[in-house]
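Enquirer: Quick one: this structure, given as structure tokens, is what I'll be asking you about.
The values are calculated or read from the model by the stated rules, or taken from the named source; none is laboratory data. Quick caveat, the model's predicted, so the values are computed rather than measured. Every residue, glycine as well, gets a Cβ built from its backbone with ideal geometry; the counts of neighbours run over all protein chains shown. Only protein heavy atoms, including side chains, enter the accessible area calculation; ligands, DNA and RNA are left aside. Shrake-Rupley method; radii C 1.70, N 1.55, O 1.52, S 1.80 Å.
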Amino acid sequence: MARVSQAHLDARRRQILDGASICFARNGFHATSMQDVLKEVDLSAGAVYRYFSGKEELIAAIVGEVLGLVREAFEEESRHIPPPTPDDLVSSVLRRVLASQEYLTVDGQSAFPRLVIQVWTETLRNAELAAVLSEGYQGVREAWGRIVIAYQQAGMMRSDVAPDHVARTMIAVVLGFLVQQSLYGPVPVEVLRDGLRALMSVSAPLSGA
């Protein structure tokens, strides 16, 4: 019996994850059954269960993969000395993440923002998924914290604000942008970049003005 190459195994796993992502983004986690996933990927139950024991494991794998992608993108930016300014950095990372997922669509639009919303909802009832999300969120916060420290050391940002406070704020900006994408349709990343750029230009009015 011929051995199956690692490339083939990886491609099959990718096929299953992509099909499951589309199903979850389209119908939500609760309304999606493993039978729906099997139909989407056009594989037998045996072929799918070889890689994943069930829906919960599929969900955890998708969440872990997406969070890893985001964390790696921010960590890569944090290695620049000094890092790009927040407007350019956030738009660059978002553009990279969205581009990596753009081949997954639901009703002609990117499935990724909708999938993010589904993940948040699922974590409210799924303790294991909440733990996966919490670990990924911590990794992104730490990467952003290093970026903020680099800003402060370069004299680009005031030093009297805790790096973690800025990290949490920037994560909220990114998540809010994805919510808008999910609820109201595609929005160019440049919109977020320009908005951040404008906010960064705000200065306190001169006293007595």
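Enquirer: Please express the Cα-Cα pair-distance distribution P(r) of region 81-205 as a list of whole percents, one per 10 Å bin, running from 0 to the bin with the greatest distance.
Expert: With 10 Å bins starting at 0, P(r) equals 11, 37, 35, 15, 2.
Enquirer: Of the heavy-atom accessible surface of the chain (probe 1.4 angstrom), what whole percent is carbon and sulfur?
Expert: Carbon and sulfur together cover 55 percent of it.
Enquirer: Here's a follow-up. Given the options Leu104, Leu69, Leu43, which has the most mean-square fluctuation in a GNM of the chain, springs set between C-alpha atoms less than 10 angstrom apart?
Expert: Leu43
Enquirer: How would Asp36, Asp160, Asp42 rank on accessible area, largest to smallest, probe 1.4 Å?
Expert: Putting Asp36, Asp160, Asp42 in descending order of accessible area: Asp42, Asp160, Asp36.
Enquirer: Towards the positive end of the charge dipole of the chain, with charges on Cβ (+1 Lys, Arg; -1 Asp, Glu), say which of Ala150, His8, Val140 has the farthest Cα.
Expert: His8
Enquirer: For Val106, which sequence-distant residues (separation of 5 or more, or a different chain) have an amide H within less than 5 Å of its own amide H, given hydrogens modelled in the peptide plane?
Expert: Sorted by chain and number, the residues that satisfy this are Ala111.
Enquirer: Students often check this: by mean Cβ neighbours within 10 Å, which of 58-67, 190-199 ranks highest, and how do the rest follow?
Expert: 58-67, 190-199
Enquirer: Okay, moving on. Under a plain spin-label model, where a point goes 7 Å from the Cα along Cα-to-Cβ, how far apart in nm are Asn27 and Gln109?
Expert: Modelled inter-label distance: 2.0 nm.
Enquirer: Candidates (1) 40, 28, 12; (2) 37, 18, 15; (3) 45, 24, 16; which is the computed semi-axes √(5λ) of the Cα gyration tensor in Å?
Expert: Computed from the coordinates, semi-axes √(5λ) of the Cα gyration tensor in Å corresponds to (2).
Enquirer: Something else now. Given Cα pairs under 8 Å that are at least 6 residues apart, what percent is the relative contact order of the chain?
Expert: Details: 170 pairs, mean separation 48.9, N = 209.
Computed over the chain, the figure is 23 percent.
Enquirer: Where only protein heavy atoms count, and the probe is 1.4 Å, what is the accessible area per residue for the chain in Å²?
Expert: Result: 56 Å² per residue.
Enquirer: Considering only protein heavy atoms, with the full assembly of protein chains and a 1.4 angstrom probe, order Arg96, Arg12 by accessible area, largest first. Spell out each step's value before the answer.
Expert: Values: Arg96 95, Arg12 65 Å².
Listed by decreasing accessible area, they come as Arg96, Arg12.
Enquirer: Something else about it: Only helices at least 18 Å long along their own axis, judged from Cα atoms, and with Kyte-Doolittle mean hydropathy of 0.5 or greater: name those in the chain from DSSP H.
Expert: Span-like helices here: 163-184.
Enquirer: Can you give me the relative contact order of region 46-134 as a percent, contacts being Cα pairs under 8 Å and 6 or more apart?
Expert: Numbers: 39 pairs, mean separation 24.6, N = 89.
Relative contact order here is 28 percent.
Enquirer: Using +1 on the beta carbon of Lys and Arg, -1 on that of Asp and Glu, and nothing else charged, what's the dipole of the chain about the Cα centre, debye to 20? Can you show the working numbers first?
Expert: Details: 20 positive and 24 negative charges, 29 e Å.
Magnitude of the dipole: close to 140 debye.
Enquirer: Now, a different point. Heavy atoms of the protein only, probe of 1.4 Å, neighbouring chains included. What is the accessible area of Glu76 in Å², nearest 10?
Expert: Spelled out: Glu76, probe radius 1.4 Å, area about 80 Å².
Enquirer: Then there's this: Take the alpha carbon atoms of region 65-114, find their center, do the same for region 33-47, and report the distance between the two centers in whole angstrom.
Expert: 29 Å
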